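Chemist: Before anything else, here's the structure in question.
The values are calculated or read from the model by the stated rules, or taken from the named source; none is laboratory data. These numbers come from a predicted model, not from an experiment. Cβ placement follows ideal geometry from the backbone for every residue including glycine, while neighbour counts extend to all protein chains displayed.
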């Protein structure tokens, strides 16, 4: 598994990189023209920088960046590498921030934290962005010595919507630079760009048929702010009117394309309590609000701010337990990756405790791909490689906090210890991690006990080049229970995942279908109504993997793939939350 892509997970994450849910391809039109010139202040020195200052250079690269866009951020390091490669050959690099919401102070702080080795300029009012006709953060323009645009488009093709290649196939900007330095035509002068929309300064209307204060604030509260607030996976906040206006163009794009809010379940199967899809009316209202100029409305119509537990997606924890020591994550991983690390935390519970909500929280989310917290009862031994360990909760790119329905709880027996399974993925900067888990306890004794069941199959070999390899797994119920929800898990070759109930009388029913598995956003799907299973019924999981070169996430399409912990290996686990009648003492 990989790190949280671009501070998510792609996500992250999740990236990993969860970046992939906010970036879209642009239809850049070729525009071979000379740029008249511009002068902008360097945010770190306050000194003016003019395009004319670089007449002695063989070429100038102008890249539009932002402080919050995931794809823009992941390419900052790549641009530094290109600067190191081409500055000695007479190429000048300039970064321009044209976002209305990014102040000069914020841009300067971002440039310092990322050690940007070339001038970073603030373009108030989008004047320079308009001159270049730039539309997206991470969009690059290559000017020759005469100031003529010879290339516009992406930096390379490693990161995009729904994928994160192990390395770029095309180094588009570098290839264009090489052509210009050699006096040749650029073979591909225009390429599609992946990145958030540049947030242009607009004069919003005060009133209209749909306003922020009456409708849009409530839509964002109920559907977006869970993630888009400080300390959570969303890369930018959506808490205020100014936030919404600044990101309105990107909001329009991802909502219209149904990429946000993120939801991957086939609507033809199952109803889920945490379904993130926008209701049709709200979908239309949000898009209409943007089309009509983002009218604010009257402040008296604003709803009260939504009350979130600071730093958590669950309710305010009754207890937070943390690793007793910090783990130092190096800048790079050894060959084969960092093996999973395990840390034991004493609960010191003198009596059984019942948990109704739980959330694992990374201390250094930049380098923590996932956490699984296990419950180790008194007198029991923990075996890392065995599937029977009792799971409390976990976190991975996406949403995996534990939220149990009324009357259901997870038991932590008196005297138990918690085992933190940590998957660390270095990102080039040394980090120290001390992760935690927050617990919300039941106020009354639950009627049912929740158990996390891993419906898995580790015995597979995915042939090289196979684009639709099928793997199945089955769990048979030894006693009656209720299925509460699911979390399908695969790695970079995961293609689709399906759960079906197979009843003893031969009836079959699809409970969840994820036709397009997204490794950067491994969602949990909580059923609206628990699904009953009798003794002898089976839960059948079917997954497909794409190990071909058609899969841009594939680390290596020429090798057979087997079960393994690391990202370039594979897993097939149908995590399932099941409730059984509580045992009476």
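Chemist: Please specify each residue of segment 179-223 satisfying the condition of being within 29 Å of the chain's Cα centre (by Cα), over 21 Å from residue 251 (Cβ atoms) and not in a loop (DSSP other than H, G, I, E, B).
Modeler: Once the filter is applied, which keeps residues that are within 29 Å of the chain's Cα centre (by Cα), over 21 Å from residue 251 (Cβ atoms) and not in a loop (DSSP other than H, G, I, E, B), segment 179-223 yields only 190.
Chemist: Exactly one of these conditions fails for residue 99: (1) in a strand (DSSP E or B); (2) touching a helix residue (DSSP H, G or I) at 6+ places or on another chain (Cβ under 9 Å). Give me its number.
Modeler: All conditions pass for residue 99, except number (1).
Chemist: Which of the residues that make up segment 252-280 are in a helix (DSSP H, G or I), out of contact with any helix residue (DSSP H, G or I) (no Cβ under 8 Å at 6 or more places or on another chain) and surrounded by 14 or more Cβ atoms within 10 Å (Cβ to Cβ)?
Modeler: 253, 254
Chemist: Scanning for something under 21 Å from the mean Cα position of the chain (by Cα), at pLDDT 95 or above and at negative phi, does segment 382-392 turn up at least one residue? Walk me through it before giving the result.
Modeler: Keep residues of segment 382-392 that are under 21 Å from the mean Cα position of the chain (by Cα), which gives none.
Among the residues of segment 382-392, not one is under 21 Å from the mean Cα position of the chain (by Cα), at pLDDT 95 or above and at negative phi, which makes the answer no.
Chemist: So, in segment 442-468, how many residues would count as being surrounded by fewer than 20 Cβ atoms within 10 Å (Cβ to Cβ), over 23 Å from residue 533 (Cβ atoms) and in contact with a strand residue (DSSP E or B) (Cβ under 6 Å, 6 or more places away or on another chain)?
Modeler: 5
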